[in-house]
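The values are calculated or read from the model by the stated rules, or taken from the named source; none is laboratory data. Predicted model, so just to flag it, every value in this text is computed and none were measured. Here the Cβ positions follow ideal geometry from the backbone for every residue, glycine too, while neighbour counts run over all protein chains shown.
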Ligand code: UD1
Ligand code: MG
């Protein structure tokens, strides 16, 4: 089947009280409309058009996805008018599905049940029963239970307002018919808008048996109107992800205090303590343990690694059996080979550290290549920046860097070299040699500590 999808995202979202268009607010770190676009893509739609309007071109600018048609709706004259704007961009498709940019959690399975029914009818609606249907368009059925029309809240009679089956807004229609129905829409209603929902009565008048499908879960059709609803959907989404991970064998110490904004691929027996935030694409090998309050963003962690509490790690690759933290910060382009130890208050950036090396306390390692089984003492700093340019530090295998050393890059420390504590190293330190730059220690026997003069 040749399918086109139109995503409506032109509305203002007044209740968000935001300068940002509503559909750009994020759920699990991703703009609402991007969730909908991704679902449409997984449906293998042949054409996808997004109708934007409020907030100018912020939406197309922010959502950089190929193969999308962006259609501007200059004035928001109603959902029918919005779909009409997208029709030229969807030329040639057989069927058109309408999705809302502010309804982020519709599942592929639900949309597939809608497309499956589209072979039986030229118009299929996704509807749902609500205990409190206030605000929604009501599905009016005849005595035989067939759909007759949709009536909006503001246009409904007392009796119609008691109907609990509502229109989710999501539907699929035969493209040729949709063109004809939309051309006939009028705006003589309580809101003076061109309602897409009026196509239902037009279809019924043509003798079409309008069908309905139901979502698997109520959350799938809930739209975001304010920040409370956004938070509610976020919690639901996080809960679902946490449950999925636990079913797949990940231990989450508290699923309510775990957030995944992206994708997590985890091996066997991974343990994640409370308040861990995972962003982007994260891979954790077998037996990895993550301590409380840690943030991992685009990180690849090999088996057996222990990341202790309070670490912030981004765009790094961590080899087998490393021990990181507590309080370590690994910045982009950090590569740790197997069995490296990185301790508290250590920052590493754009550096590779080879097998078995230790940087256990209070150090900054940036733009460095560190060899195997190197020991970097507390308070070591690679001075990689002269205010204009960045330079590299190279430290050979088995080197020992004494505490409180500054390595002024570009500089090289040879294999097996020892640097005496408190040194400022500005030239090459030869291999297997002790190098130190330290002022001589003095002890002055005649010196007396000053004493306070008594006041009179
Ligand atoms: C609409 C439906 C209603 C349904 C409800 C579900 C109509 C007339 N009514 O009502 O039956 O129960 O959604 O939430 O369709 N939009 C545009 N351009 C416009 C108008 C709207 O892009 O000119 C977009 C909005 O950004 C939003 C969606 O369409 O994503 C729905 O618009 P909204 O104004 O929220 O419609 P409702 O009154 O809620
Ligand atoms: Mg609405």
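Restricting attention to region 136-155 and to residues that are out of contact with any strand residue (DSSP E or B) (no Cβ under 6 Å at 6 or more places or on another chain) and in a loop (DSSP other than H, G, I, E, B), the residue that is nearest to residue 221 (Cα to Cα) turns out to be 152.
Looking at this structure, is residue 202 crowded, with 20+ Cβ neighbours inside 10 Å and outside any strand (DSSP E or B)? So that I can check it myself, show each step before the final result.
Working: crowded, with 20+ Cβ neighbours inside 10 Å: no; outside any strand (DSSP E or B): yes.
Considered against the rule, which asks whether it is crowded, with 20+ Cβ neighbours inside 10 Å and outside any strand (DSSP E or B), residue 202 comes out as no.
Among the residues of region 350-382, which ones are part of a strand (DSSP E or B) and under 13 Å from residue 407 (Cα atoms)? Correct list: 364, 365, 366, 368, 369, 370, 376, 381, 382. With respect to (1) more than 15 Å from ligand 1 (Cβ to nearest atom); (2) buried (at least 20 other Cβ atoms within 10 Å of the Cβ); (3) closer than 26 Å to residue 89 by Cα, the lone exception for residue 181 is condition (1). In region 3-20, the residues that are more than 20 Å from residue 117 (Cβ to Cβ) and free of Cβ contacts under 8 Å to residues at least 40 places away in the same chain reach residues that are part of a strand (DSSP E or B) and more than 16 Å from ligand 2 (Cβ to nearest atom) with C-beta atoms within less than 8 angstrom, at least six apart or across chains, in these pairs: 20/55.
Here is a yes/no grid of residues against (1) assigned to a helix (DSSP H, G or I); (2) over 30 Å from residue 44 (Cβ atoms); (3) in contact with a strand residue (DSSP E or B) (Cβ under 6 Å, 6 or more places away or on another chain); (4) at pLDDT 95 or above:
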| position | (1), (2), (3), (4) |
| --- | --- |
| 124 | no, no, yes, yes |
| 167 | no, no, yes, yes |
| 182 | yes, no, no, yes |
| 185 | no, no, no, yes |
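Within region 295-323, take every residue that is on the phi > 0 side of the Ramachandran plot and not in a strand (DSSP E or B) and give me the one that is farthest from the chain's Cα centre (by Cα). Residue satisfying both the conditions and the ranking: 321.
Check region 143-158 and report whether any residue there is out of contact with any helix residue (DSSP H, G or I) (no Cβ under 8 Å at 6 or more places or on another chain), away from ligand 2 (no atom under 15 Å from the Cβ) and within 27 Å of residue 17 (Cβ to Cβ). Within region 143-158, none of the residues are out of contact with any helix residue (DSSP H, G or I) (no Cβ under 8 Å at 6 or more places or on another chain), away from ligand 2 (no atom under 15 Å from the Cβ) and within 27 Å of residue 17 (Cβ to Cβ).
Of the helices (runs of 4 or more DSSP H) lying entirely inside region 3-115, the ones with 3 or more residues being farther than 26 Å from residue 128 by Cα and more than 9 Å from ligand 1 (Cβ to nearest atom) are found at 58-62. Of all residues in region 11-33, those that are within 12 Å of ligand 2 (Cβ to nearest atom) and surrounded by fewer than 17 Cβ atoms within 10 Å (Cβ to Cβ) total 3. Taking (1) assigned to a helix (DSSP H, G or I); (2) touching a residue at least 40 places away in the same chain (Cβ under 8 Å); (3) surrounded by 18 or more Cβ atoms within 10 Å (Cβ to Cβ); (4) away from ligand 2 (no atom under 16 Å from the Cβ) in turn, residue 242 satisfies each apart from (2). Of the residues making up region 205-228, those that are within 16 Å of ligand 2 (Cβ to nearest atom) and either in a loop (DSSP other than H, G, I, E, B) or at pLDDT below 95 (or both) are 222, 223, 224, 225, 226.
Counting only residues that are surrounded by 15 or more Cβ atoms within 10 Å (Cβ to Cβ) and under 15 Å from the mean Cα position of the chain (by Cα), region 217-235 holds 3 of them. Answer with yes or no whether residue 94 is exposed (fewer than 15 other Cβ atoms within 10 Å of the Cβ), more than 32 Å from the chain's Cα centre (by Cα) and in contact (Cβ under 8 Å) with a residue 60 or more places away in the chain. When the stated conditions are applied, residue 94 passes them.
One line per residue, one yes/no per condition, for (1) in contact with a helix residue (DSSP H, G or I) (Cβ under 7 Å, 6 or more places away or on another chain); (2) over 30 Å from residue 11 (Cα atoms):
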site: 224; (1), (2): yes, no
site: 238; (1), (2): no, no
site: 242; (1), (2): yes, yes
site: 260; (1), (2): yes, no
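Please name all residue pairs, on different chains or six or more residues apart, with Cβ atoms under 7 Å, provided the first residue is in region 124-146 and is within 22 Å of residue 203 (Cα to Cα) and away from ligand 1 (no atom under 13 Å from the Cβ) and the second residue is in a loop (DSSP other than H, G, I, E, B) and modelled with pLDDT of 95 or more. Every condition considered, the pairs that remain are 124/118; 146/209.
Please tell me if residue 43 is in contact (Cβ under 8 Å) with a residue 24 or more places away in the chain, within 16 Å of ligand 2 (Cβ to nearest atom), within 15 Å of residue 170 (Cβ to Cβ) and surrounded by 15 or more Cβ atoms within 10 Å (Cβ to Cβ). No; evaluated as a whole, the condition is false for this residue. Within region 245-274, take every residue that is part of a helix (DSSP H, G or I) and touching a strand residue (DSSP E or B) at 6+ places or on another chain (Cβ under 9 Å) and give me the one that is surrounded by the most Cβ atoms within 10 Å (Cβ to Cβ). Applying the filter and picking the extreme gives 245.
In the set (1) within 24 Å of residue 230 (Cβ to Cβ); (2) modelled with pLDDT of 95 or more; (3) within 16 Å of ligand 2 (Cβ to nearest atom); (4) touching a helix residue (DSSP H, G or I) at 6+ places or on another chain (Cβ under 6 Å), residue 36 fails one condition alone, (4). Does residue 229 meet the test of being under 30 Å from residue 116 (Cβ atoms) and more than 15 Å from ligand 1 (Cβ to nearest atom)? The answer is no for residue 229.
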